[in-house]
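Notes for the one structure printed next.
The values are calculated or read from the model by the stated rules, or taken from the named source; none is laboratory data. Values in this document were obtained by computation on a predicted structure and should not be read as measured data. So basically every Cβ, Gly included, is an ideal-geometry build from the backbone, and we count neighbours across all protein chains shown.
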Amino acid sequence: MSAKGKLITLEGIDGSGKSTVAKRLAENPLFSDFVFTREPTGSWIGEAVNRAIHSDTDHLAELLLFAADHAEHISKLIRPSLESGKNVVSDRYSASRYAYQGMTLAGRFDDPLKWIQDIHRGWTIKPDLIIFFDIDPGIAVSRCGKRGDRTKFEKIVFLEGVRENYLRLVEEDPDSFVLIDARRSIDDNEKEVVDIIQSFL
Ligand code: ADP
Ligand code: MG
């Protein structure tokens, strides 16, 4: 069997700078043979996820759409790419679900983060490396200006919970995560991520 590719995911709260760095990585000749992707995906299921996010859809229904998009993403792109030996970088992936829907489903389950992890078990593909863009939610929200439909205060309080969930994931599985201090400049974040990926491979 040929060597499998590695799955590297970019995680962190809204405004931490993931998509900005992902775009730069995709333009970097060092990674010209990588597959770059994201969640939610551009498939019709990913579009349904975006509809759910931007409406008052039930949060459990929203989670299940996210899970469906993840399943489609894995079977159509992630697994075939890894099996053909390609390295994959995904801007958001399963940890986003555990961290975000772990917040939106608070009160519906005793431990929503764990419940969501449990329903992914047996079919998700665990990343080889998760790069966590860590940042204070206040800074992240101010970067995003008016993006999103929550008030600034609600958004910060929500993202503080999401960040705590991410930190719980790091604590549960420290070997999978590398943290970066995402407060710094775009150039600094990019350089650190490039170094992390190169030394990992
Ligand atoms: P994410 O994908 O993590 O939500 P983005 O990459 O879309 O974050 O960045 C959110 C906003 O912050 C964008 O307007 C982007 O230009 C800006 N931004 C990204 N990285 C930085 C940075 N390191 N410093 C300042 N602003 C940034
Ligand atoms: Mg983004």
Boolean, ILE135 is touching a residue at least 60 places away in the same chain (Cβ under 8 Å), touching a Lys or Arg at 6+ places or on another chain (Cβ under 6 Å), of a type in the set (Val, Ile, Thr) and surrounded by 21 or more Cβ atoms within 10 Å (Cβ to Cβ): yes
Test: LEU179 is within 19 Å of THR9 (Cβ to Cβ) and in a helix (DSSP H, G or I): no
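This table checks each residue for (1) within 19 Å of VAL89 (Cα to Cα); (2) within 16 Å of ligand 1 (Cβ to nearest atom); (3) in contact with a Cys (Cβ under 9 Å, 6 or more places away or on another chain).
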site: VAL157; (1), (2), (3): no, no, no
site: VAL162; (1), (2), (3): no, yes, no
site: GLU172; (1), (2), (3): no, no, no
site: LEU179; (1), (2), (3): yes, yes, no
site: GLU190; (1), (2), (3): yes, yes, no
site: ILE196; (1), (2), (3): yes, yes, no
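The rows are residues; the columns are (1) touching a strand residue (DSSP E or B) at 6+ places or on another chain (Cβ under 9 Å); (2) of a type in the set (A, V, I, L, M, F, W, C).
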position	(1), (2)
LYS18	yes, no
ASN50	no, no
THR57	no, no
GLU62	no, no
ALA68	no, yes
ALA71	no, yes
Residue within segment 44-60 that is crowded, with 18+ Cβ neighbours inside 10 Å and either within 16 Å of ligand 1 (Cβ to nearest atom) or among the hydroxyl-bearing types (Ser, Thr, Tyr) (or both) present: yes
All positions within segment 1-12 that are touching a residue at least 40 places away in the same chain (Cβ under 8 Å) and more than 10 Å from ligand 2 (Cβ to nearest atom): SER2, ALA3, LYS4, GLY5, LYS6, LEU7, ILE8, THR9, GLU11
Index of the failed condition, THR57 passing every other in (1) away from ligand 2 (no atom under 16 Å from the Cβ); (2) part of a helix (DSSP H, G or I); (3) among the hydroxyl-bearing types (Ser, Thr, Tyr): (2)
Breaking point among (1) under 22 Å from SER185 (Cα atoms); (2) out of contact with any Pro (no Cβ under 8 Å at 6 or more places or on another chain), for ILE8: (2)
Single unsatisfied condition, ASN28 versus (1) exposed (fewer than 15 other Cβ atoms within 10 Å of the Cβ); (2) within 15 Å of ligand 1 (Cβ to nearest atom); (3) touching a residue at least 60 places away in the same chain (Cβ under 8 Å): (2)
Residue that is over 18 Å from the mean Cα position of the chain (by Cα) and modelled with pLDDT of 95 or more, where the choices are GLU83, GLU72: GLU83
Cβ pairs under 7 Å, 6+ apart, first in segment 161-190 and more than 16 Å from ligand 2 (Cβ to nearest atom), second among the hydroxyl-bearing types (Ser, Thr, Tyr) and modelled with pLDDT of 95 or more: ASN165/TYR98; LEU169/TYR98
